[in-house]
Amino acid sequence: MAKHRESRPGHKAAGGASAKSPRDARREAPVKTGKPAAKPARDAGQRPVPAARDRGERAAAPREAAPAPTAPERPLTPRSGERPTERVPVILESLGAGDFHLIDSGNGLKLEQYGPYRIVRPEAQALWPPSLAAHVWDNADAIFTGDTDEDGMGRWRFPREALGETWPLQLLGVDFLGRFTAFRHVGVFPEQIVHWAWMKQQVEAANRPLKVLNLFGYTGVASLVAAAAGAEVTHVDASKKAIGWARENQALGRMEKLPIRWICEDAMKFILREERRGNKYDIILTDPPKFGRGPNGEVWHLFEHLPSMLDICREILSPKALGLVLTAYSIRASFYSIHELMRETMRGAGGVVESGELVIREAGLDGKTPGRALSTSLFSRWVPK
């Protein structure tokens, strides 16, 4: 299980299409490695790992002459009643889990342990100098070089020996493949461990079957965690390649019989259809990109379309829902922006909205020596109590 804690200093009373994530785009780009890249398993309506997704992971699409179609406009639902109680700021912290931990960070870089490999990747928020000596960093197994922009492509350099494209990893009891992508990402975003551990606990303690919706689901690790805990899962991502990689992860862990629907579709179109059909979910995880495109060219802009997306998500929450979780990367905004939006969206629903940041704590070479906290993303989470 992930080692994490929640810091809650304060207690106060209180339209467009969902595009394929930049992660998806990056996930689809070829990666140059020392060995031939393993071919992702063919998907049956699945989507391989979405392209990169580090904070801007859904890579910007190339310019087009004609504007892409967008999802049908839907007016926001009028809300009344009191806004939920608030908890701010909440800091959800991970000190690694399973085969992952953050070793060190600094000078715009981070040194991470992923299973047997030590990896160096760009990290703009690491403004401080590294704690460990230069020779430790130089001894990494893989170093991402090239464009340091979140949406930029680059390549991996292997100082010690050439490595294959994929390697096995495990988090929260789920097996999956790490993968060197051309957008610096490796197939998992470990800061999400705190949300996944929370979800796992909710599913196991519910004493009833739960339905989980994972929007912008990427490589499917969260979906596998939820299904392994006993939930019926619907996994949605706009990248066919990402769905394929997710199914590959499912096969790796011999979890093919788990109740997971893998859906390659624009997220906004999917939830609009679920609303019309009256389908409901007990837990919804949504991790949208700053910008992206759906499989048919649908355009997603976070600041334009997030209010509508959350509004629809509220409509498809079940009467006994246990949570609506939003994570936001690579945006120039305070967590208060999504916090107040979540409270307005959940007006009249009762419960609590807790918002803040996800951080990963440095753990040293041994994985057990706490160091500095590296901020990774903003989040807001509604829970019924």
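The values are calculated or read from the model by the stated rules, or taken from the named source; none is laboratory data. As the structure is a prediction and not an experimental result, all values here were calculated from the model. Positions of Cβ are generated from backbone atoms using ideal geometry, with glycine treated the same way; all protein chains shown enter the neighbour counts.
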| request: Can you run down the residue pairs with Cβ atoms below 6 Å, 6 or more apart or on separate chains, where the first is in region 316-343 and within 24 Å of F189 (Cα to Cα) and the partner is crowded, with 17+ Cβ neighbours inside 10 Å and among the aromatic types (F, W, Y)? | output: L324/W382; T327/F379; M342/W382
| Unmet requirement for N207, which otherwise passes all of (1) touching a strand residue (DSSP E or B) at 6+ places or on another chain (Cβ under 9 Å); (2) more than 30 Å from N296 (Cα to Cα); (3) among the polar types (S, T, N, Q) | (1)
| field | Given (1) surrounded by 19 or more Cβ atoms within 10 Å (Cβ to Cβ); (2) farther than 23 Å from E304 by Cβ, index of the condition L213 fails | value | (2)
| said: Scan region 340-347 and tell me whether some residue there is hydrophobic (A, V, I, L, M, F, W, C), more than 29 Å from P209 (Cα to Cα) and assigned to a helix (DSSP H, G or I). | reply: yes
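One line per residue, one yes/no per condition, for (1) in a strand (DSSP E or B); (2) out of contact with any helix residue (DSSP H, G or I) (no Cβ under 6 Å at 6 or more places or on another chain); (3) under 20 Å from I312 (Cβ atoms):
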residue	(1), (2), (3)
V236	yes, no, yes
A242	no, no, no
W245	no, yes, no
N279	no, yes, yes
| query | Restricting region 253-262 to residues that are of a type in the set (A, V, I, L, M, F, W, C) and part of a strand (DSSP E or B), which is farthest from G173 (Cα to Cα)? | reply | W262
| message | Residue pairs, Cβ under 6 Å, 6 or more apart or interchain, first in region 101-127 and more than 15 Å from W167 (Cα to Cα), second part of a strand (DSSP E or B) and among the acidic types (D, E). List them. | response | L102/E112; L111/D104
| field | Those residues of region 199-210 which are in a helix (DSSP H, G or I) and crowded, with 20+ Cβ neighbours inside 10 Å, in sequence order | value | M199, K200, V203
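For (1) of a type outside the set (A, V, I, L, M); (2) surrounded by fewer than 24 Cβ atoms within 10 Å (Cβ to Cβ), each residue gets a yes or a no:
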site: Q170; (1), (2): yes, yes
site: P190; (1), (2): yes, no
site: A197; (1), (2): no, yes
site: L224; (1), (2): no, no
| Between a first residue in region 220-231 that is on the phi > 0 side of the Ramachandran plot and a second residue that is assigned to a helix (DSSP H, G or I) and hydrophobic (A, V, I, L, M, F, W, C), which pairs have beta carbons less than 6 Å apart while being 6 or more apart in sequence or on different chains? | G220/A246; G230/V203
| task | Identify all residues within region 211-230 that are under 13 Å from the mean Cα position of the chain (by Cα), of a type in the set (G, A, S) and either modelled with pLDDT under 95 or part of a loop (DSSP other than H, G, I, E, B) (or both); write none if there are none. | result | G217, G220
| query | Would you say E86 is touching a strand residue (DSSP E or B) at 6+ places or on another chain (Cβ under 8 Å), of a type in the set (D, E) and under 30 Å from H305 (Cβ atoms)? | reply | yes
| field | Residues (outside any strand (DSSP E or B) and not charged (D, E, K, R)) located in region 263-277 | value | A267, M268, F270, I271, L272
| query | Counting only residues that are more than 14 Å from K280 (Cα to Cα) and of a type outside the set (A, V, I, L, M), how many does region 208-233 have? | reply | 8
| said: The conditions are (1) surrounded by 20 or more Cβ atoms within 10 Å (Cβ to Cβ); (2) in contact with a His (Cβ under 8 Å, 6 or more places away or on another chain), and W382 fails exactly one of them. Which is it? | reply: (2)
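Just give me the residues in region 290-328 being of a type outside the set (A, V, I, L, M) and in a strand (DSSP E or B), in sequence order.
F291, G292, R293, W300, H301, G323, T327
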| said: If I go through region 166-207 residue by residue, how many of them are modelled with pLDDT of 95 or more and among the basic types (K, R)? | reply: 2
| said: Quick test of your reading of the structure: V359 fulfils all but one of (1) at pLDDT 95 or above; (2) out of contact with any His (no Cβ under 9 Å at 6 or more places or on another chain); (3) surrounded by 23 or more Cβ atoms within 10 Å (Cβ to Cβ). Name the failing condition by number. | reply: (3)
| task | Can you tell me which residue among G292, G297, G253 is under 18 Å from E232 (Cβ atoms) and modelled with pLDDT under 95? | result | G253
